[in-house]
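Written out below as structure tokens is the structure these notes cover.
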Amino acid sequence: MRTADTVIIGGGVTGASIAFHLAGLGVRRVLILERSSLGAGGTGYSVGIIRQLYPTRETSEMVLRSMAIFERFGEAVGGESGFVRTGALIGVSPAMRPTLERTLALQKGIGIQAEIVDPADLARIEPRIDTSGLGAVLWEPGSGYGDPSAVTAGFADAARRRGVVIEQGVEVVAIRRQGNRVVGVDTATGERIDAQIVINAAGLWSPRVAGLAGVELPIVIGRHPVFTVARDARFGPAHTVYLDLAGGSYVRPETGDLTLTGSLTDDETQHPMDPELLGSEAGFDEAAEVLARTARAIPALADARFSRGYAGAFDITPDWMPILDESPVRGFWIAAGMSGHGFKLSPAVGEMMAALVTGTQSPVSPTLFRLDRFGSSGAPASAGFVSSYLGSAGPS
């Protein structure tokens with residue numbers, strides 16, 4: 001038996017960020033237990049898009065703080081974030097434009113740089129987008145994409161330098177309690193580790209981990225297939241990140257004339273998945289509808305060649321927002337239900353969780369992310385991932 005002050009279950013980008021920030025606040029004997037390898041779960045299959053459009057002040061503040069870290073990751077953390085500033089365009093239907101305008105006004109008030117572009121003027125930024133059916137396009141010149149695996153490694157290496165111990169290939173199989181307080185964990189090898197604080201940052205496995213402590217989380221693991229296509233040589237320079245909320249697809253450029261694409265409107269909660277199937281093949285037959293939407297959004301991609309597809313996944317709460325809170329079991333904390341936002345918000349999530357656990361002032365109000373917001377019967381489901389851009393009024 002040994003003792004840690006804090007055990008973090010899960011070595012993805014969330015767990016690594018929390019460990020880094022806890023150690024930065026002076027917490028000693030922080031231990032990350034990862035059942036496989038760092039970033040092997042949802043982090044390793046994230047598309048890595050970093051966009052800034054969020055419907056609330058809290059999430060907007062979180063992404064602004066996170067962007068500042070991604071942009072100077074080497075200085076702030078160490079290592080590389082792989083951040084590429086392509087700019088991001090977000091297309092909305094005419095019915096969604098009023099909500100977009102209200103959301104943008106809120107965001108500008110906290111310092112996010114973005115502008116609404118009329119579809120007729122979009123050619124000055126990206127002439128290859130088909131603007132028919134669009135009511136407006138948001139242009140975020142500072143957005144782009146990053147490398148989730150590199151960011152995880154950067155946080156982990158920096159956490160180690162601050163004294164954090166990271167053990168890979170160690171699965172937690174029991175969470176020990178005395179009454180209503182957590183007192184430690186047991187591993188699959190039979191080791192018992194005493195700890196007064198245990199943080200569930202297990203991502204796609206977080207509902208299972210919570211169950212070990214007798215806690216039920218309102219989280220669905222939803223399948224989100226991602227497809228890679230090779231752009232035709234005639235396409236020209238790489239495109240920006242484009243999120244077509246009106247048409248239902250997104251594109252993100254990748255090195256080697258490749259583009260990553262997927263759906264924005266298929267409700268992943270209706271496609272539950274065993275997380276053990278993460279990364280399994282998603283073939284061309286499944287890709288056909290998404291690729292058709294992508295070609296409608298950017299007709300020049302109609303000539304792109306299908307390369308491969310894989311099954312990504314989201315840990316989804318009813319309102320598509322994270323849970324960052326202590327559970328009903330004292331000392332057992334939840335940092336899960338990231339709902340597709342985990343990578344882009346990971347620096348801020350680490351800051352906030354470290355503050356909550358240590359009882360210091362959180363840089364962003366955590367009220368929106370409390371577990372009890374769902375009540376005993378759970379919150380009504382939102383309108384899906386698109387609602388995380390504009391709120392429940394967004395995808396009308």
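The values are calculated or read from the model by the stated rules, or taken from the named source; none is laboratory data. Predicted model only: the values in this text are computed from it and were never measured. Don't worry about glycine lacking a Cβ; one is built from the backbone with ideal geometry, like all the others, and counts go over all protein chains shown. Note: areas computed on protein heavy atoms with side chains; ligands, DNA, RNA excluded. Shrake-Rupley method; radii C 1.70, N 1.55, O 1.52, S 1.80 Å.
Quick notes on this structure:
- Scan region 313-337 for residues that are in a strand (DSSP E or B) and crowded, with 22+ Cβ neighbours inside 10 Å and the total you get is 11.
- Residues that are under 24 Å from residue 78 (Cβ atoms) and either modelled with pLDDT under 95 or charged (D, E, K, R) (or both), drawn from region 160-202: 160, 161, 162, 167
Okay, residues lined up against (1) touching an Asp or Glu at 6+ places or on another chain (Cβ under 6 Å); (2) surrounded by fewer than 24 Cβ atoms within 10 Å (Cβ to Cβ); (3) among the aromatic types (Phe, Trp, Tyr); (4) at pLDDT 95 or above:
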{"residue": "4", "(1), (2), (3), (4)": "no, yes, no, yes"}
{"residue": "14", "(1), (2), (3), (4)": "no, no, no, yes"}
{"residue": "18", "(1), (2), (3), (4)": "no, no, no, yes"}
{"residue": "25", "(1), (2), (3), (4)": "no, yes, no, yes"}
{"residue": "41", "(1), (2), (3), (4)": "no, no, no, yes"}
{"residue": "82", "(1), (2), (3), (4)": "yes, yes, no, yes"}
{"residue": "97", "(1), (2), (3), (4)": "no, yes, no, yes"}
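- Matching entry among 37, 46, 60, 81 (being of a type in the set (Gly, Ala, Ser) and without any contact (Cβ under 8 Å) to a residue 60 or more places away in the chain): 60
- Residue within region 266-289 that is open to solvent by less than 20 Å² (accessible area, probe 1.4 Å) and part of a strand (DSSP E or B) present: no
- Residue list for region 340-391, restricted to those being at pLDDT below 95, of a type in the set (S, T, N, Q) and in a helix (DSSP H, G or I): 387, 388
- Filter result (small (Gly, Ala, Ser) and either open to solvent by less than 20 Å² (accessible area, probe 1.4 Å) or touching a His at 6+ places or on another chain (Cβ under 9 Å) (or both)) within region 129-141: 135, 136
- Filtering 301, 264 for residues that are at pLDDT below 95, of a type outside the set (Lys, Arg) and over 18 Å from residue 208 (Cα atoms) leaves a single hit, 264.
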